[in-house]
Amino acid sequence: MSRSKWKGPYVHKSFAKPKVGVINCWSRSTTIVPAFVGKSLSVHNGQRFIQIKVVNYMIGHKLGEFAHTRKAYVHKKQK
Amino acid sequence: MAYFLNRKINETSPLKQTLTCVFGVGPSLAESFCKKVGIRSTLKFSKLTSKQVSFLSDVLTKDKNNLIQEELSRGLYENVARLTQIRSYRGIRHKKGLPLRGQRTRTNSKTAKRHNKVQIRFR
């Protein structure tokens, strides 16, 4: 079920204060708003921070979409 | 065989059926297009005059609410391409040909494997 429109996009309160440089954030459910464009964020994936550079097309997506939580499975090479 | 908007069509079947050969036009849309042009939808395509055919193709291509043919398939492809370009989760799943919305992949997920990897084309 999608979020009510009258609430607006969800942005974590830690983004309220302006910060300089790469911002660490744990809030994966924060929606990317136009104010984020051009910034570098590092989003936590449960283990470590993954740096993403926000571009125009990302607006409306959530931060967690760009920090993958699972390792891609690769078959072992047979000897 | 007759051609309409670069598509092979069966001219002996009723107009509402022949129009569905066009990518992006289904039964209900075909009916509404017939109404817009003012031709009975059960009329055979071969009975139309060349003027009517050109008018019909004009209405179909210039309708901005419903994209058809190349424009539609390009739009669909671009939607997926945007997701892969920004490297979002959904884009990566598209690339791998796996389900996008958290379905299981241990078994099943046959539909996703069939569809998600294939580039969308109308031919």
Sole miss for residue B:47 among (1) without any contact (Cβ under 8 Å) to a residue 24 or more places away in the chain; (2) surrounded by 16 or more Cβ atoms within 10 Å (Cβ to Cβ); (3) not small (Gly, Ala, Ser) is condition (2)
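This table checks each residue for (1) in a helix (DSSP H, G or I); (2) farther than 22 Å from residue B:80 by Cα; (3) of a type outside the set (Gly, Ala, Ser).
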residue: A:3; (1), (2), (3): no, yes, yes
residue: A:17; (1), (2), (3): no, yes, yes
residue: A:21; (1), (2), (3): no, yes, no
residue: A:35; (1), (2), (3): yes, yes, no
residue: A:42; (1), (2), (3): no, yes, no
residue: A:50; (1), (2), (3): no, yes, yes
residue: A:72; (1), (2), (3): no, no, no
residue: A:75; (1), (2), (3): no, yes, yes
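Hey, could you check segment A:52-69 for residues that are touching a residue at least 24 places away in the same chain (Cβ under 8 Å) and part of a helix (DSSP H, G or I) and say which is farthest from residue A:2 (Cα to Cα)? Step through it out loud before you land on a result.
Kept after step one, since they are touching a residue at least 24 places away in the same chain (Cβ under 8 Å), are these residues of segment A:52-69: A:58-64, A:67, A:69.
Filter once more, so that each one left must be part of a helix (DSSP H, G or I): A:58, A:63-64.
On the way: A:58: 18, A:63: 17, A:64: 17 Å.
Residue satisfying both the conditions and the ranking: A:58.
Matching residues to (1) open to solvent by less than 40 Å² (accessible area, probe 1.4 Å); (2) closer than 24 Å to residue A:60 by Cα; (3) at pLDDT 85 or above:
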| site | (1), (2), (3) |
| --- | --- |
| B:7 | no, no, no |
| B:20 | no, no, yes |
| B:38 | no, no, yes |
| B:69 | yes, no, no |
| B:88 | yes, yes, yes |
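The values are calculated or read from the model by the stated rules, or taken from the named source; none is laboratory data. Predicted, not measured: the structure shown is a model, and the values here were computed from it. Neighbour counts are summed over all protein chains in view; Cβ atoms, including those assigned to glycine, are modelled from backbone coordinates with ideal geometry. Heavy atoms of the whole protein, side chains included, go into the accessibility calculation; ligands, DNA and RNA do not. Shrake-Rupley method; radii C 1.70, N 1.55, O 1.52, S 1.80 Å.
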